[in-house]
Each structure stands twice: as structure tokens, then as C-alpha cells.
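> Just dropping this structure here.
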Amino acid sequence: MDFLIASSTEDLCELLAEDPTRQLLAGGTDFMVEVNFRHRDVSGVIAIDRIEDLKQWRHDGDSVLIGSCVTYREIERGPLSTLIPALAQSARTIGSPQIRNTGTIGGNLATASPAGDMIPVLLALGALVNIRSKSGTRQLQVDELITGVKTNSLQEDEFIESVRVPVLRGPQEFLKVGPRNAMVISVTSLAMVTDIDKEYIGIALGSVSASPCRSKEAEYFISENIDWNNMTVQSGAIENFERLIRESANPIDDHRSSSAYRTHTIGVLGRRALFRIFRLEN
Amino acid sequence: MSLLEEGIASAAGVGVSATRPDGKEKARGDFLFSNDLSSEDMLWGQTLRSPYPSAKIRKIDFSQALAMDGVHAILTADDVPGENIFGLEHPDQPVLAFDLVRYVGEPVAIVAANHPEVAKKAADAIYVDYEELDPLVNSQKAIKAAPIHPEGNIIRHLVIKHGDPDAIGNIIVEGEYEVGMQDQAFLGTESGIAFPSADGGVDLHISTQWLHSDKDQVASALNLPDDLVRVTLAGVGGAFGGREDVSMHVHLCMLAMHTGRPVKMVYDRNESFLGHVHRHPAKIWFRHSADESGLLVKVEAKVVLDGGAYASTTSAVLANACCFSVGPYRVPNAVIEGWGVRTNNPPCGAMRGFGNVQTCFAAEAQMDKLAKALSLDPVEFRLLNALETGDTLITGQEITGTAPVKEVLTSLAEYPLPEPIKSGLLDLPGGTGRTTDKSHVKRGVGYAASIKNLMFSEGFDDFSEARCIISDGEVLIKSACVEVGQGFVTLVGQIVEETLGITDATILPVDTSIGSAGSTSASRQTWMSGGAVLKACEAVVNALIIDLSSENGVAYDKSGLNLVSKDGSHSIDIATALQGRNYDEHVTHRHKRTFPLDHNGQGNAHVSFAFAAHRAVVDVDEELGLVRVVEIATSQDVGRVLNPVQARGQIEGGIAQGLGLALLEDLVLNNGKILNANFTDYLLPTSMDIPPIKIASLIEQSEPGAPFGAKGIGEPPVISSTPAIISAVRNATGKKLNRVPIKPEDLVF
């Protein structure tokens, strides 16, 4: 088996162009589990965790550009946690400190798990994913990148270089249900972000469909019932809002939860997130 | 008692917090666990396991696998040199399946190769032609279903009839309960290494709980004389009952002897879940009745334990589940019927609490129901019925030792309750998921109490051997007692210091070159092997007294750690007197005899009993079904605290496992197959799930017959912590919650 270490993004482009079947290793928190279970037959691996460019992030005015190898830990703490609070909240729920020290935002996206904890936040924020290969670069919406359960639209020779995440002025919430108080795969999760300047509310759901998804119907509906000047929401709208959230979900029954519990809790999370951000108008 | 808050004392001797001799090594990662062992020329073993819960093996073809580069051996049932059968209490399980597989994960073939990955690929390349059969996975149906094993489906049927079978109280409560399949989930998976020896025997280094039981089973399967199988303890990364049975032992020895090379095996986490027994899932029906004054009149129960495909310790687990089904209460009349059955589910056996756990969960729920029906406070009701010394158990056995049930309950109830949570979201239900605000929380409080038998029961000849060797004043202790983390290695030093006044006792390698110490289980090693070490040290002192007396022509007596001549002219401390001398005292320690249960389940089957009570305080988010345990308080009957820090360690660890069973730990089966054989989905409590654990009181009443008066303390913490937590959740929500672990959705729908 080839084991290669990429030293720069250019180097990585070349190594992938040479042999596109080579697989990328960043934090390895999903990859190594699959290798150990022999679910993944690996002929060549390129370690990308030493590429300085991929480990950087920078704040460009109204957005941050986060390199794909920035770790959950770095997002959970430090300046990113105030710039994108919901992303930090979701990062905190992932695995153990050891996992968060090594797992990366690029890995969370590329793995494309229905339960990927950062994905609902990135969806709600309208983040863009920068893809690169030797032949060039392209930019995708998160829902264009993620095509199904653990599948993505990356070509074999492409890699995720960075994620552009808008920095919004307004409260953000990430809530996740799991039977354990930490270090648990989500049974349901919900991200709600607001932009008080643009009077925008974004809502996305995790673990209730094949891929994390926006709840656009709920977004449209509740937008009509929000008073952005007073940060209040119409009390009469809540019941329908919860129903719309539940209807955006299409959960499965599995050993982690029944679909009925997932449907129930996703509505509750929507209401609770809403009440943390907006006061109820009497 | 205040000693629980004290720091780590520097002194040794019995009763102080002596530090673990292996503590620093373990904390620094220097300690050699069994999977750290290696040898030059070593091969790696791998096991091929059945993917089916029930199937006929038509044919096994390993020619392709054996032809792979680096593969040295592939062995099947045909290659087992001796009896292809083993078992901890009773041999009924093939070393390698030959005609049928009876559970998912049953070993079918073993491989030795020059690299673990090669061994895995070779195992994948073995072709087994199975004919799938309908599995039997329902334990209640197993009682009457067609047998899945030549010995039938009923491993044991036990009836306990006590008092008047027609008696009945006016206040009656009834309920059906269920306990899921918990796993020991020790952090160090099974691992070991076997060396073929020049004398035609084998040396096995393995993490285990009972060297001599392993040795006997290996010798029988290998058809080797007893002295050609030598088992040495390798560093154990937790056990909790799951290492009491043979796992890879015979496989390693077969591969080593066949290849003539050392062979090592390490199960990965997934294989570990398949490779050891679990806690028995239980289905329990109870009917309790009391009179109007609140005294228990009668308890009736039916208990079905799912033993899985093979017997393991099912028989003894069932005895515990039935004998102690009514809990630590005075019950004049009882009819208890229990079955331990075979199914095509994974085999179940020993796990901390050993049968008492299952029925305690159900019986304590019944006690709460009765208290409610009687409009009595749950603690007051339990106190009314609490066992005392001189009372009779439902097995007809009189409690002759200490039984401070009232003291345990009273001290617990007096302990102050915790305040409401004042801090942020992360301390409320949902934890890092930030789901729950204070306004969503309801608080609940629940109590439970338990009884646990100590040591082996029902007439088993339970003993432990130890040698105390004095070599020019230095102390060497030899015992086959397995250290699984419980702190025996600390206790040995404390006993030596207490009896001989010498620190720095050396513990010789733990192996089968001395007689058995019995299993590190059943809360027995402090009493049994601690007792053996104590006796061996005392034997040295006696020999020293005889020598001193004859050398000096005057009789000596022991006075504390000094030896004093009868005429008072000469006094010398034992440590000084031992300098320049050599002794080797070899003793065997037994507890008082026990007897089998008769056809009505009556008899003096048990040695001694330990009692505990737990109080749980929980915050519940009813709408999401999420629970946060706020605090567990406990009082425990311990006889005597020998090492306060280690006592606290046992109590905290046991409660953590009890919390796991209450809220999280459940092997989910689908038609005999475990769906969550990994730590992603088999959820152990994390540090955010374990609340502050408060020790309200450790009741120290010296137990007659016990070395230092001390009772085993390892198991009681796991038994009543589970029902206390569920009682607290019921108190908060009003839900029935008749199955553990509870799931969030149980609180929602």
C-alpha cells in the first residue's frame, strides 16, 4: 500500500492526478474506523493533515474561509466560536476531546453522514464548499456536495480545499438529541441561524433524512410571523411551525431510535430553538 | 464517615489509603497489559466466527486461505486434540463448532499468520457452507421449544417455596419487568499469547479472572496432563465477570502447539462483544402482598433468564436471581420459580451483581408500588420490613452475620438532598446537545436497597492458597489471585505491613505454579485470598516464635508487631527478628461450608451477605425523554474499610455500571445478531453522565469469620443503583418504566 504525505495543495493536486484512486486521510476519525472494519479497501493513502494552507482559517469581512483540515476543536473554541456560534455548538457535540482534536470540517462534509453534526449548521448558513483538483477549482452548495447517505459529488481527483461560511449578525442555535449527555451520534439535530440585517432565518435538520436538509417551508412560514425589530414571534404560529418542521423530516427506524421519536423530537427542537432566539408575542 | 474525603495517606497497614503499587505505571501508560506482550518469531491468531444464530455446517474449505502467503495454520474442530468441549461450571460448548453453530459469533476456525492483517484476510478466505436454521431467540418460548442443544433448553429450573403457600396479604401489587443485555465492556479487549514448550506442553499468558479454571479447561481440550499447561496472568484491563469464561485460551494453545511458535491474539472491539458472555437478559413477573400495617406477607415470582446458546454460569446466576429476588427484606412466605434457558442468542454468564441485579430492579419497583398502595414513604416501608441478624431468608437460611439494612437505609435518607442545578445548559438533560432549558426540567428522587451474597454458594468447595516466603527478611507473596483492577495488589502490601511490620512486599508472578485462588469474582478475593495471605503471614510469625523460643530457651508471645519473651526480658519487633531468616509458609484458606438447595430451594447455600442502598436524584426533560442524573448517594454495609480510596473506587465504578444499565447500556439483538457491537452505539456513561457520587455512610460492623471483619464491596454498588435511578425517573414522570435500560422514547410516548 502506498502511503504518501502531501506537503502543499499543489502537491496534493499532483498526487491525486497521478492516481485518483488514492484516498485522503485528514483526521482519520471516520476513515480509520472503516479501514479497521475492512469496509474500505485501500490501495493508496495521502495524508493531508500537514498541508498548512488547509489548516488555516481567515475572517474576510462578511464571511470566514475555513480550511478543510481545521479541526472541530479549533472551531469549538477560540475566535471561530464567536463568529459562527452554531458551528461551535455542533463541534462540541462531536465525539470525545481526542476525536475533536483530530477530526476536521472537511472530513465531516466529505463523509456525508446523515448524522454529520456540522452539516445542518453549514446548510442553514448557506455555506459554500471550495473544491479543487489539478484541473481547477469549483464551488458547491453543501446540498450539491452531499448526494445521499455517505455519498458526495466529488470526482476521484478532487478534494475539499475550504468552506466559506457567512458571518451573520443574529443569534444562532444548534440542538442535538442523543441518549447520552456527550459523545453520541445524533438521533435528531437542528440548526437555526438568523441574520437580523437581512431578516433571514435558516433552519436545517440532521439525522431525519438521507442527508441533512433545510426546512424551507418552516423557514418561509415563520419568517412571515417574526417581528425582527422586537425579535418576537407570533404565538399563533408555533403549532404550524412545528408541524412544518416535522413534515420536512423523513426519518427511518433503526437501532438508535424509532422514526416516531425522531419526528417528535425534531419538532420540539425547532420550537425550542425558536424560543431561545425570539420572544413570544402576546 | 469523613475518611472518604481524606487525601492519599502515606502510611500502609490495613485501614488506610495505601497507594496502588501499579498505579503510577498504569497512569503513565507503562503498565504491561496482556495486549502489550510480544515475542520474537510470534504469529498472530484470528478467529473465524459464525454469521448465523443457528445453522448446520455442511463443509469447511480452507485450502485457498491456507495457500495465502504468510499463513501458517488453519485449524477447525477436527484439530482439537482432546475433548472439543468446555464450560466454566459445566462443559457444554465446543472449542470450535463441528456440526452446528448456535449463536452469531461462535468460533468455527482459527488461523495463525505472520501478520494480523494477513490472519484476518485468511479468515475471510475460509469458505464455510452453512445451512441456515430457524433460530430460537425468545427465552420464554425456549422452555417448551424443540431443543437447540443435546442437553435441552432448560439449563436450570429452580423453585423456592418458603412458609405458607396459601398466605396472602390484603394489599397486593403485581408487575412484569424486563432487563436488557448489558455488557462488561472492559476497556482492554481479550488478548493473550501462548508459547509451545520443549516438554510438549504450553505456556499461556492471558488476561483472565481465574487461572486454574482456565488451565483445567485448556488441558482437557488439548488432551494434555495438568502439569503441561501453565497459565500466567497477563495485565488485565478490566473484567467485571466477562473474563471468567474461556475465550481465546484453547485457540491460542492449539495454534502455538501446531505451529511450534508463539501465537498472539487480540480481539478488536467488535469481536470482544462476540467473544465473551454478557449479563443475562431477564423477564420477571412479581406479585407482592403486604398486610395493612405494611408488613410483607408474601412474594411470588417467575424469572426467566436468557442464557444464550451455552450454559456458562447460568445455573449460579439463576440461583442468585431467585434466592435474593425479594431483596433485603423479611418475607415470611414466598413462591419463586426460575428458569435459565438456552436460546440462539449470544451466551450470557457472569457480570458484576450476578443475577441479583435483574431481580433487584423488578423487586424494588414492586416495593415502591406497595409503599404507594399503603400510603407509606418508600424508605419508611422498607425500614418496616428490613432484614436483621437472626432473620431468615426465603431459602430458610438464618442470617448469622451482620445485616445493617436499617442503618444503611436510615443514614442514606438522612443525607441532605442536592440543590437545583444553577449552572448552564450543559449540566441539564441533553448535555452537550443543548436541548433543554431549566423550564423543561422536572426533578425526581428514588430509593432502592439490595442484598448480595459474598463468595461462591451452594456447596462449592471455595478456597484460596497463598505462600508467604521470607528470604533473609524480605517478604515474597505467592498467590494465584488475579488482579483485575480491584486492588488486591495494594491489599497484599497492607496485610504484610499489618502482620509483619514490613513494607515493600514483593508479589511473585501470578501463575498456576501454586494452587488455585479461585476466581476474582463474587466479591470474594479480599475475604478468600486476602484471608489466605493473612494466614500465611501469621504462619510465618508462628514459625518465628517457635524458632525464637527454642533459640533463646524461653517462650515468646506476640504483642502487636513485637515478640516478647514470657519473662519480659526480651522484646524484638517481627521485622527485625525476620532479618537473616528464611521461611516458606503455604496455607489454604476456606470460608465456612455451604450446602446445596433442596427441592424446595431451602438450605444454607450462602456464606455471608452485604447490603447497600442508593438514592438517585434526576432531572428529566419529559418532552424529549432525556434524563440527567444529578446525584447518587449511597450507604453500604462493608464490615470494615480496608482502604478508603479503593473502597470509594469500587463504589463509584459500580454505580457507573448501574447507571449504564438504567439509562444506556443495551446490546440490541435482531434475530440473535447484535446490532451495536461497538462503542459508537453501545453507549457507556461518560464523565458527563456520571453525577457526583456521595457516600452517606459506610457501615462498619465487623463480619464474623471474615478476615479483618471486612465484607466484599465490589458488587453491591451496581445492584441497587439501577432501580434507584429508575425510581427517581418514575417519581419525576409517573411513567411505569418496566424495562431497563429505559430509552428516551419510553418517557415520551
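> Being of a type outside the set (S, T, N, Q) and surrounded by fewer than 17 Cβ atoms within 10 Å (Cβ to Cβ) is the filter here, so list the residues in the stretch B:658-693 that pass it. Break it down stepwise before answering.
In the first step, residues of the stretch B:658-693 are kept if they are of a type outside the set (S, T, N, Q); the result is B:658-669, B:672-675, B:677, B:679, B:681-685, B:688-693.
Passing the criteria: B:VAL668, B:LEU675, B:PHE679, B:MET688, B:PRO692.
> Still on this structure, please answer the following. Which residues, counting only those in the stretch B:181-218, are part of a loop (DSSP other than H, G, I, E, B), within 17 Å of B:ASP511 (Cα to Cα) and not small (Gly, Ala, Ser)? Even if it seems obvious, please write down each step before you answer.
Here is the first cut: in the stretch B:181-218, the residues part of a loop (DSSP other than H, G, I, E, B) are B:181-190, B:197-201, B:207-210.
Now narrow it down to the ones that are within 17 Å of B:ASP511 (Cα to Cα): B:197, B:201, B:207-210.
Once the filter is applied, which keeps residues that are part of a loop (DSSP other than H, G, I, E, B), within 17 Å of B:ASP511 (Cα to Cα) and not small (Gly, Ala, Ser), the stretch B:181-218 yields B:THR208, B:GLN209, B:TRP210.
> For the list (1) open to solvent by less than 50 Å² (accessible area, probe 1.4 Å); (2) over 13 Å from the mean Cα position of the chain (by Cα); (3) not hydroxyl-bearing (Ser, Thr, Tyr), I need the number of the one condition that A:GLN155 fails.
The failed condition is (1).
> Scan (1) touching a helix residue (DSSP H, G or I) at 6+ places or on another chain (Cβ under 7 Å); (2) surrounded by fewer than 24 Cβ atoms within 10 Å (Cβ to Cβ) for the single condition A:THR111 breaks and write down its number.
Of the numbered conditions (1) touching a helix residue (DSSP H, G or I) at 6+ places or on another chain (Cβ under 7 Å); (2) surrounded by fewer than 24 Cβ atoms within 10 Å (Cβ to Cβ), the odd one out for A:THR111 is (1).
> Out of the residues in the stretch B:554-582 that are polar (S, T, N, Q) and in a loop (DSSP other than H, G, I, E, B), state the one that is farthest from the chain's Cα centre (by Cα).
Step one: of the stretch B:554-582, the residues polar (S, T, N, Q) are B:559, B:562, B:565, B:569, B:571, B:576, B:579, B:582.
Adding the requirement that they be in a loop (DSSP other than H, G, I, E, B) leaves B:569, B:579.
Working: B:SER569: 52, B:GLN579: 40 Å.
If we take residues in the stretch B:554-582 being polar (S, T, N, Q) and in a loop (DSSP other than H, G, I, E, B), then B:SER569 is farthest from the chain's Cα centre (by Cα).
> Test of understanding: among B:VAL627, B:VAL718, which residue is surrounded by 24 or more Cβ atoms within 10 Å (Cβ to Cβ), within 28 Å of B:PRO418 (Cα to Cα) and more than 18 Å from the chain's Cα centre (by Cα)? Talk me through it step by step, then tell me what you get.
On the way: B:VAL718 fails: more than 18 Å from the chain's Cα centre (by Cα).
Answer to the check: B:VAL627.
> I'm checking my understanding of the structure. Among residues of the stretch B:415-432 that are touching a residue at least 12 places away in the same chain (Cβ under 8 Å) and not aliphatic (A, V, I, L, M), which one is farthest from the other protein chains (Cβ to nearest Cβ)?
Taking the stretch B:415-432 and keeping what is touching a residue at least 12 places away in the same chain (Cβ under 8 Å), we get B:415, B:417-418, B:420-421, B:425-432.
Keeping just the survivors that are not aliphatic (A, V, I, L, M) gives B:415, B:418, B:420, B:427, B:429-432.
Working: B:TYR415: 24, B:PRO418: 17, B:PRO420: 18, B:ASP427: 9, B:PRO429: 8, B:GLY430: 7, B:GLY431: 3, B:THR432: 5 Å.
Checking each candidate, the answer is B:TYR415.
> Within the stretch A:84-99, take every residue that is open to solvent by 10 Å² or more (accessible area, probe 1.4 Å) and touching a strand residue (DSSP E or B) at 6+ places or on another chain (Cβ under 7 Å) and give me the one that is farthest from the other protein chains (Cβ to nearest Cβ).
Applying the filter and picking the extreme gives A:PRO85.
> Is it true that some residue in the stretch B:168-182 is over 30 Å from B:MET367 (Cα atoms) and touching a Cys at 6+ places or on another chain (Cβ under 9 Å)? Outline the logic, then answer.
At the first step, the residues of the stretch B:168-182 found to be over 30 Å from B:MET367 (Cα atoms) are none.
No, because not a single residue in the stretch B:168-182 is over 30 Å from B:MET367 (Cα atoms) and touching a Cys at 6+ places or on another chain (Cβ under 9 Å).
> Shifting gears a bit: Quick check on my filter: what residues within the stretch A:8-49 are polar (S, T, N, Q) and open to solvent by 80 Å² or more (accessible area, probe 1.4 Å)?
Residues of the stretch A:8-49 that are polar (S, T, N, Q), as a first pass: A:8-9, A:21, A:23, A:29, A:36, A:43.
The answer is A:ASN36, and nothing else.
> Here's another thing I want to ask about it. Does any residue of the stretch B:435-454 turn out to be surrounded by 23 or more Cβ atoms within 10 Å (Cβ to Cβ) and within 14 Å of chain A (Cβ to nearest Cβ)?
So far as the stretch B:435-454 goes, yes, one or more of its residues are surrounded by 23 or more Cβ atoms within 10 Å (Cβ to Cβ) and within 14 Å of chain A (Cβ to nearest Cβ).
> Taking the options A:LEU205, A:LEU190, name whichever one is crowded, with 20+ Cβ neighbours inside 10 Å, within 12 Å of chain B (Cβ to nearest Cβ), touching a strand residue (DSSP E or B) at 6+ places or on another chain (Cβ under 8 Å) and among the hydrophobic types (A, V, I, L, M, F, W, C). Show your work before the answer.
Working: A:LEU205 fails: within 12 Å of chain B (Cβ to nearest Cβ).
Of A:LEU205, A:LEU190, the one residue that is crowded, with 20+ Cβ neighbours inside 10 Å, within 12 Å of chain B (Cβ to nearest Cβ), touching a strand residue (DSSP E or B) at 6+ places or on another chain (Cβ under 8 Å) and among the hydrophobic types (A, V, I, L, M, F, W, C) is A:LEU190.
> Test B:ALA677 against the stated conditions and say whether it is hydrophobic (A, V, I, L, M, F, W, C), more than 10 Å from chain A (Cβ to nearest Cβ), under 30 Å from B:MET528 (Cα atoms) and not in a helix (DSSP H, G or I).
Working: hydrophobic (A, V, I, L, M, F, W, C): yes; more than 10 Å from chain A (Cβ to nearest Cβ): yes; under 30 Å from B:MET528 (Cα atoms): no; not in a helix (DSSP H, G or I): yes.
So B:ALA677 fails the test.
> Sort out which residues of the stretch A:163-187 are within 14 Å of chain B (Cβ to nearest Cβ) and part of a loop (DSSP other than H, G, I, E, B), and write them in order of number.
Of all residues in the stretch A:163-187, those within 14 Å of chain B (Cβ to nearest Cβ) come to A:171-187.
Within the stretch A:163-187, A:PRO171, A:GLY178, A:PRO179, A:ARG180, A:ASN181, A:ALA182, A:MET183, A:VAL184, A:ILE185, A:SER186, A:VAL187 meet the criteria.
> Now for a separate question. Would you check which residues across the stretch B:299-346 are of a type in the set (Lys, Arg) and open to solvent by 10 Å² or more (accessible area, probe 1.4 Å) and list them?
Keep residues of the stretch B:299-346 that are of a type in the set (Lys, Arg), which gives B:302, B:330, B:342.
Matches in the stretch B:299-346: B:LYS302, B:ARG330.
> A further question on this structure: Please indicate, with yes or no, whether at least one residue in the stretch A:133-144 is assigned to a helix (DSSP H, G or I), surrounded by fewer than 23 Cβ atoms within 10 Å (Cβ to Cβ), more than 14 Å from chain B (Cβ to nearest Cβ) and not polar (S, T, N, Q). Step through it out loud before you land on a result.
Taking the stretch A:133-144 as the starting set, the residues that turn out to be assigned to a helix (DSSP H, G or I) are A:142-144.
Pick out the ones that are also surrounded by fewer than 23 Cβ atoms within 10 Å (Cβ to Cβ) and you get A:143-144.
The next check asks that each one be more than 14 Å from chain B (Cβ to nearest Cβ); those that pass are A:143-144.
Among the residues that remain, those that are also not polar (S, T, N, Q) are: A:143-144.
Yes: one or more hits.
> Another question, then. Among the residues of the stretch A:212-234, are any within 14 Å of another protein chain (Cβ to nearest Cβ) and either part of a strand (DSSP E or B) or touching a strand residue (DSSP E or B) at 6+ places or on another chain (Cβ under 8 Å) (or both)?
Here is the first cut: in the stretch A:212-234, the residues within 14 Å of another protein chain (Cβ to nearest Cβ) are none.
Looking through the stretch A:212-234, none of the residues is within 14 Å of another protein chain (Cβ to nearest Cβ) and either part of a strand (DSSP E or B) or touching a strand residue (DSSP E or B) at 6+ places or on another chain (Cβ under 8 Å) (or both).
> Can you tell me which residue among A:GLU34, A:GLU74 is part of a helix (DSSP H, G or I), of a type outside the set (A, V, I, L, M, F, W, C) and either under 30 Å from B:TYR267 (Cα atoms) or out of contact with any helix residue (DSSP H, G or I) (no Cβ under 7 Å at 6 or more places or on another chain) (or both)? So that I can check it myself, show each step before the final result.
Details: A:GLU74 fails: either under 30 Å from B:TYR267 (Cα atoms) or out of contact with any helix residue (DSSP H, G or I) (no Cβ under 7 Å at 6 or more places or on another chain) (or both).
Answer to the check: A:GLU34.
> Same structure, new question: If B:GLU585 meets every condition in (1) outside any helix (DSSP H, G or I); (2) exposed (fewer than 12 other Cβ atoms within 10 Å of the Cβ) apart from one, which number is that one?
Every listed condition holds for B:GLU585 apart from (2).
> Further question: Could you say whether any residue in the stretch B:188-197 is more than 24 Å from B:ASP268 (Cα to Cα) and modelled with pLDDT of 95 or more?
To start, the set of residues in the stretch B:188-197 that are more than 24 Å from B:ASP268 (Cα to Cα) comprises B:196-197.
Then keep just the ones that are modelled with pLDDT of 95 or more; that gives B:196-197.
Yes, the stretch B:188-197 contains a residue that is more than 24 Å from B:ASP268 (Cα to Cα) and modelled with pLDDT of 95 or more.
> Another one. Applying the selection to the stretch A:251-282, what residues are of a type outside the set (Asp, Glu), more than 11 Å from every other protein chain (Cβ to nearest Cβ) and either part of a strand (DSSP E or B) or more than 30 Å from B:GLU665 (Cβ to Cβ) (or both)?
A:GLY270, A:LEU274, A:ILE277, A:PHE278, A:ARG279, A:LEU280, A:ASN282 - these are the residues of the stretch A:251-282 that are of a type outside the set (Asp, Glu), more than 11 Å from every other protein chain (Cβ to nearest Cβ) and either part of a strand (DSSP E or B) or more than 30 Å from B:GLU665 (Cβ to Cβ) (or both).
> Still on this structure, I have one more. Got at least one residue in the stretch B:460-469 being surrounded by fewer than 24 Cβ atoms within 10 Å (Cβ to Cβ), over 18 Å from the mean Cα position of the chain (by Cα) and of a type in the set (Gly, Ala, Ser)?
So far as the stretch B:460-469 goes, no, none of its residues is surrounded by fewer than 24 Cβ atoms within 10 Å (Cβ to Cβ), over 18 Å from the mean Cα position of the chain (by Cα) and of a type in the set (Gly, Ala, Ser).
The values are calculated or read from the model by the stated rules, or taken from the named source; none is laboratory data. Model, not experiment: these values are computed from the prediction. Heads up, the Cβs are rebuilt from the backbone with ideal geometry, glycines too, and the neighbour counts pull from every protein chain shown. The protein model used for the area step is the full one, side chains on, heavy atoms only, and it has no ligands, DNA or RNA in it. Shrake-Rupley method; radii C 1.70, N 1.55, O 1.52, S 1.80 Å.
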